[in-house]
Amino acid sequence: MVDDTSQTINLSAPVLEKLEAGSRPFSLLIQKLTGIVGKTGILYNADELLVYECDGYIVDKSAPDIVVFPTTTEQVSATVKICNEFNVPFLARGAGTSLSGGCLPIGGGVMIVLTRMKQILELNLRDRYAIVEPGMVNLHLTNALKGTGYHYAPDPSSQGSCTIGGNIATNSGGPHTLKYGVTTNHVLGLEAVLPDGTIIELGGPTAEVPGYDLHGVYVGNEGTFGICTKAIVRLTRDPEAHRTMLAVFQTIGDATRAISEIIAEGIIPSALEMMDHGIIQAVEEAFHFGFPLDAGAVLLIEVDGLEVAMDAEVSKILELCNKNNVREIQRADTPEERMLIWKSRKQAFGAIGRLSPSYCTQDGVVPRTRLPEILEFIEQTSAKYGLRIVNVFHAGDGNVHPILLFDERDQGQIQLVLEASEEILEKCLELGGSVTGEHGIGVEKINFMSRIFNETDLATMEKVRNIFNPRQICSRDKVLPPHGSGNATKVTQTHPARRAPH
Amino acid sequence: MSPLSSGSQEEFVPASQTELSRFMTENAAVDHRQLFPVGGRTSLAVCCPASQTGIQLCTSQLNRVVDYPIRDLTITVEAGMRIDELIKIVSAEGQRLPLDVPQSNRATIGGVIATNINGPKRFSYGTIRDYVIGISAIDGMGNLFKSGGRVVKNVAGYDLGKMLVGSLGTLAVISQVSLNLRPKPQSMSMVWFQFDSCQTIDQALEAVVTSGTRPIAVEYCNAKAASQIAAEARLELPADHHTLCVCYEGPENEVRWQTDKIASEWNQFSPLHVQTVENEEATRLYDAFTEYQTSSDDPVTIKAILLPSQMMKFIETATQLNIAVQAHAADGIVFGHLPDSASSLDDVQQIFNQLKTTIDPKTGYLNIYQCESDWSDSLPLFCSPPAGWDLMKQFKNALDPEHLLNSQRFNELVEI
Ligand SMILES: Cc1cc2nc3c(=O)[nH]c(=O)nc-3n(C[C@H](O)[C@H](O)[C@H](O)COP(=O)(O)OP(=O)(O)OC[C@H]3O[C@@H](n4cnc5c(N)ncnc54)[C@H](O)[C@@H]3O)c2cc1C
């Protein structure tokens with residue numbers, strides 16, 4: 001059970017700014033933590049720590065002083081209590097695929113890596129839930145469910161490596177969120193170690209629990225509400241059938257209108273992914289799928305459901321695409337053809353690698369009907385800065401991912417990329433959207449918070465944060481801007497990410 | 001029910017959110033009166049027992065549409081908008097909020113969020129938590145705050161909307177909300193099955209897990225409830241036994257295929273009766289299921305939240321106790337109207353104790369859903385503290401430090 005040997009914790013003591021390697025507290029801390037996780041569960045040599053100095057967001061780097069790999073909730077709790085005793089900051093890390101710097105240990109401290117807690121604790125089809133440890137890789141859960149007729153619905157494009165704990169912290173989405181929702185719609189409950197080491201449970205395996213929906217508040221906390229040590233997630237019935245189509249349009253406007261009309265018809269596609277002409281050219285150069293090079297947009301449309309309903313939905317979609325000047329449509333009716341179509345979407349990023357030595361993927365949201373405006377703005381921004389920007393994104397949700405291509409070796413270009421990103425996100429806000437649909441605020445977008453929310457909003461969020469994390473000892477300086485930062489608007493990064501695809 | 005008759009309550013009807021915020025700021029600074037947010041007054045028996053004295057904050061004039069970008073399938077409205085009004089507005093565009101709300105002519109969207117009202121469709125569409133994409137509310141000190149936004153996908157900042165779902169007016173007064181909408185389906189049908197025992201019902205429910213069909217809702221009712229529901233729907237349906245009623249929506253051919261399919265799948269459980277209900281009759285029957293949880297004149301309605309696999313054991317006992325039982329069966333949500341014979345608080349408590357023996361306290365909750373006003377002070381709403389209760393108290397203290405928002409009730413929420 002929980003280690004209760006820790007002495008009284010001085011909650012008013014400031015969290016340490018720096019832990020000196022080799023100092024006495026450092027050695028003592030190592031000794032105590034080794035006592036908890038064992039010699040094979042801890043790293044503290046500088047060269048071993050390098051791997052942990054950043055996540056998928058490589059702009060800012062800061063290595064932790066110590067990394068631990070607990071295998072039980074009790075070890076996590078004991079580790080957290082020791083950190084409190086030593087006033088050393090700590091934070092959780094899953095697979096480290098965050099694209100907003102969520103895993104950046106600001107000011108160093110202890111990193112708690114959950115990848116060794118990866119068991120499935122219970123699969124219950126009758127009651128439609130699974131209980132898993134937080135380090136479980138997203139795809140492994142769905143793989144474990146193969147053949148049962150059920151799956152875990154949230155499927156971020158990083159699902160082959162990202163963890164359920166990381167998904168809960170960031171409220172991850174993915175290509176199928178239009179129909180199936182994001183992570184928060186599929187989390188029933190969880191166990192967490194609070195930043196003072198207390199173990200709590202929120203929600204549960206039942207369809208709801210009385211009282212405030214605190215597991216709902218917990219999802220999307222970006223690691224600032226302690227460490228999630230167990231997740232109870234909803235399982236979703238597999239669709240019986242799929243139909244996938246690739247529709248080539250002359251303009252983004254036509255493609256967007258087609259989307260609106262399909263949905264207005266009562267059809268909610270399970271995926272609606274768009275590629276603009278820039279990315280079409282890149283994909284063509286690389287893979288020769290046969291897309292016309294002068295096409296304005298290619299739309300990947302997927303519907304799923306009962307076999308009996310598929311043909312009617314497909315013909316309706318074809319009709320609406322035709323009405324909106326579609327140039328051509330490829331259909332996939334077999335699993336093999338479907339794989340081929342998805343390949344063009346998934347390989348889009350590989351193709352970008354051929355276009356440019358470095359690229360930066362942004363994450364903004366606009367109301368779906370404003371897609372033509374934001375894409376036109378992105379094109380203007382591209383011309384203004386002399387940067388090539390291509391787009392491949394979740395069109396059904398209005399979630400754009402402009403990819404800014406540049407050469408990392410040219411400092412001038414780096415600044416341009418940062419400024420262009422900033423302008424694009426600002427435009428998303430102006431159009432009534434958001435600066436992040438799924439990657440999170442992390443450290444990357446913290447300056448935007450005071451532009452989206454007013455002081456009262458932020459103060460209320462801070463009150464909630466302080467219930468979980470009053471000392472800000474857990475994942476400090478994330479999500480909420482520090483006091484007194486005012487309306488800091490200038491681009492502060494020094495280096496854009498050569499970010500991974502999504 | 002009109003629970004507000006005996007306490008002394010004044011009313012404040014703000015014309016705008018800022019006016020409400022100003023009023024609450026002043027109340028926190030000067031008057032320190034107890035405040036009771038009220039919407040359509042459909043659930044006050046639960047949230048706001050009669051004996052309390054203070055001021056009702058009535059949202060009836062906060063009923064405007066703030067923004068309805070139709071093609072984006074989102075809408076932003078003030079919290080006092082009545083559900084029927086909301087339905088009318090979005091329905092004209094072929095859209096809906098896929099949520100079942102009893103007494104929707106009175107209930108408001110703010111009240112639906114605060115009480116987390118839902119119904120049969122929750123099995124396939126989830127609950128209000130899944131549709132709130134942005135929220136504004138005013139805390140006990142008068143601070144008007146918001147979270148989320150007006151787009152369907154957004155992870156900027158903490159999701160404060162979730163904490164207000166089911167908060168029963170104890171944390172903040174919800175003043176505005178942005179919702180995600182869905183297209184209206186083309187048609188709907190229901191299939192009414194009668195089975196001979198709880199055991200068979202349980203088997204049929206287990207078979208839903210791998211059914212070739214995709215039901216929108218799976219409703220259970222025992223004989224007592226079934227006859228009332230059929231009568232309410234003005235339908236001749238056999239109601240002497242246990243009923244399972246399965247609902248399908250979508251294009252007509254898809255719905256018909258599924259109603260046939262479920263009948264053949266469940267044939268192996270030898271139903272005593274199978275009847276497909278279509279068109280307006282299906283709508284009437286569906287509405288009767290939606291209304292039933294709040295429709296009773298009986299003194300106490302209970303709600304149990306159980307794992308579906310453990311539900312029939314509870315229902316069997318409840319039926320023996322002459323309780324009229326309805327359940328959103330595939331979700332394990334059970335409502336029971338206690339019989340008239342439960343005429344004293346003691347009787348109610350005894351029934352409770354018997355029911356509790358069938359519940360695993362780790363994975364089940366037995367709550368009061370509605371009760372006669374005289375008893376509501378004595379009966380805690382949540383009979384056992386839910387997971388995270390200590391944190392919930394901290395939320396209460398953080399958002400309403402002076403305990404001005406429906407606070408006596410908050411303290412009575414759980415049995416100590
Ligand atoms: C190729 C690629 C594609 C991607 N595609 C998508 C996509 O489609 N949709 C999408 O939403 N995101 C996407 N992402 C972003 C990223 O994968 C998600 O944010 C993912 O949820 C992070 O999971 P992780 O295990 O890697 O978490 P990490 O990166 O390790 O951590 C992310 C954050 O969660 C916190 N955290 C991690 N584990 C825990 C825990 N157990 N308890 C508390 N806090 C914890 C960390 O402190 C950090 O703040 C993509 C990233 C890449 C690299």
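Every number here is computed from the coordinates shown, using simple stated rules; none is lab data. Everything numeric in this text was worked out from a predicted model, so none of it was measured. Here the Cβ positions follow ideal geometry from the backbone for every residue, glycine too, while neighbour counts run over all protein chains shown.
List of remarks:
- Förster-model FRET efficiency, 45 Å R0, B:Gln350 and A:Asp333, C-beta, rounded to 0.05: 0.15
- Out-of-range pairs (alpha-carbon distance over 23 Å; input A:Lys61/A:Lys343; A:Lys463/B:Lys146; A:Lys61/A:Lys478; A:Lys179/B:Lys313; B:Lys162/B:Lys303; A:Lys343/B:Lys153): A:Lys61/A:Lys343; A:Lys179/B:Lys313; A:Lys343/B:Lys153
- Per residue of A:427-437, other chain Cβ atoms within 10 Å of the residue Cβ number 4 on average.
- Gyration tensor (alpha-carbon) shape descriptor, the range B:300-384, a/c threshold 1.5: prolate
- Basic side chains Lys and Arg get +1 at the Cβ, acidic Asp and Glu get -1 at the Cβ, and with that the dipole of the protein assembly as shown about its Cα centre reaches some 1540 debye.
- The chymotrypsin sites (Phe, Trp or Tyr not before Pro) of the range A:200-291 include none that DSSP puts in a loop with a beta carbon having at most 13 other beta carbons within 10 Å.
- Each Lys and Arg Cβ is given +1 and each Asp and Glu Cβ -1; about its Cα centre, the range A:288-447 then shows a dipole of about 260 debye.
- Three-way shape call for the protein assembly as shown based on the alpha-carbon gyration tensor, with the a/c threshold at 1.5: oblate
- Lysines whose Cα lies under 25 Å from that of A:Lys32, excluding same-chain neighbours fewer than 8 positions away: A:Lys18, A:Lys81, A:Lys118, A:Lys230
- Which of A:Ile452, B:Ile315, A:Ile232 has the fewest Cβ neighbours within 10 Å, and the rest in rising order: A:Ile452, A:Ile232, B:Ile315
- Ranked A:Met339, B:Met311, A:Met111, A:Met275, criterion: other C-beta atoms within 10 Å, fewest first: A:Met339, A:Met111, A:Met275, B:Met311
- Radius of gyration and Dmax over the Cα atoms of the range A:24-113, both given in Å: 12.3, 36
- Look at A:Glu122, B:Glu78, A:Glu74 and count the other Cβ atoms within 10 Å of each Cβ; fewest to most, that gives A:Glu122, A:Glu74, B:Glu78.
- Here each label is just a point 7 Å from Cα along the line to Cβ, and for B:Arg284 and B:Glu19 those points are 4.3 nm apart.
- Working note: Karplus 6.51/-1.76/1.60 with θ = phi - 60° gives the range B:216-224 the couplings 7, 8, 10, 9, 10, 8, 7, 4, 4 Hz, where Gly and Pro are set to x.
- Between 0 and 90°, nearest 10: helix B:198-208 axis offset from chain B longest Cα axis: 80
- Cα-based shape type of chain B, given that a ≥ b ≥ c are square roots of the gyration tensor eigenvalues and the cut on a/c is 1.5: oblate
- Angle in degrees between helix B:345-356 and the longest Cα principal axis of chain B, rounded to the nearest 10: 60
- Placing unit charges on the Cβ atoms only, positive for Lys and Arg and negative for Asp and Glu, gives chain B a dipole magnitude near 1180 debye about its Cα centre.
- Seen against the Cα atoms of chain B and their longest principal axis, helix B:252-265 is set at about 60 degrees.
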